[in-house]
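The values are calculated or read from the model by the stated rules, or taken from the named source; none is laboratory data. Keep in mind that this is a model prediction, so the values were computed, not measured. Don't worry about glycine lacking a Cβ; one is built from the backbone with ideal geometry, like all the others, and counts go over all protein chains shown. For the accessible areas, the whole protein counts, side chains as well, though only heavy atoms, and no ligand, DNA or RNA atoms are used. Shrake-Rupley method; radii C 1.70, N 1.55, O 1.52, S 1.80 Å.
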Amino acid sequence: MKYPLVAALLFACPAITFADVAVTDPWARASILASRPGAAYLSLTSDTGDRLLSATTPVAGQVMIHAAETDANGVSRMVHLEALDLPSGQTVTLSPGGMHLMLMGLGEKLREGTRFPLTLTFETAGEITVEVPVLGVGAMGPGGPGE
Ligand SMILES: [Cu+2]
């Protein structure tokens with residue numbers, strides 16, 4: 001009699017496709033001045049494909065999704081993204097020199113050793129809140145030089 005097992009699998013499936021973005025290694029750089037925007041970095045993986053629509057945190061007035069673009073003269077500038085596509089099964093990494101979450105209008109400067117909550121809103125997965133540790137001013141990532 002195998003029906004109970006089939007029923008259990010059917011019930012399990014919706015839970016697998018719902019709320020399924022892995023947010024790994026979130027971190028932010030300490031900022032020198034509150035008047036300068038801060039930056040937060042993390043890695044996002046969605047098994048089913050999703051889109052990061054927005055982010056909020058109590059420590060900043062606004063969080064913007066930025067990419068970095070280098071023009072023909074080798075000058076790097078930041079490009080505002082309305083949303084960040086997460087192709088299914090691929091890890092999208094935000095890191096210094098590339099994509100980042102720009103923390104505009106900081107209430108106070110980000111101090112090394114502190115943490116702040118960051119709420120990410122995804123098209124399919126909905127809201128996911130992570131704790132973001134603040135690393136050193138020259139840090140390149142968790143476990144990297146300058147941590
Ligand atoms: Cu930026």
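Summary table
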| quantity | calculated |
| --- | --- |
| Hits in the stretch 41-53 - residues which are open to solvent by less than 40 Å² (accessible area, probe 1.4 Å) and either within 16 Å of the ligand (Cβ to nearest atom) or on the phi < 0 side of the Ramachandran plot (or both) | Y41, L42, S43, L44, T45, S46, D50, L52 |
| Residue, farthest from S54 (Cα to Cα), within the stretch 103-115, restricted to residues that are surrounded by fewer than 18 Cβ atoms within 10 Å (Cβ to Cβ) and under 17 Å from the mean Cα position of the chain (by Cα) | R115 |
| Output for the stretch 54-102, where each listed residue is more than 10 Å from the ligand (Cβ to nearest atom) and in contact with a Lys or Arg (Cβ under 9 Å, 6 or more places away or on another chain) | E69, T70, D71, A83, L84, D85, L86, P96 |
| Qualifying strands (runs of 3 or more DSSP E) (wholly inside the stretch 1-105; at least 1 residues being of a type in the set (K, R) and modelled with pLDDT of 90 or more) | 21-29, 50-56, 76-81 |
| Lone unmet requirement of (1) modelled with pLDDT under 95; (2) surrounded by 13 or more Cβ atoms within 10 Å (Cβ to Cβ); (3) in contact with a strand residue (DSSP E or B) (Cβ under 8 Å, 6 or more places away or on another chain) for M140 | (3) |
| Neighbours by Cβ (under 9 Å, 6+ apart or cross-chain): first from the stretch 59-84, without any contact (Cβ under 8 Å) to a residue 60 or more places away in the chain; second outside any loop (DSSP other than H, G, I, E, B) and acidic (D, E) | S76/E69; R77/E69; M78/E69; V79/E69 |
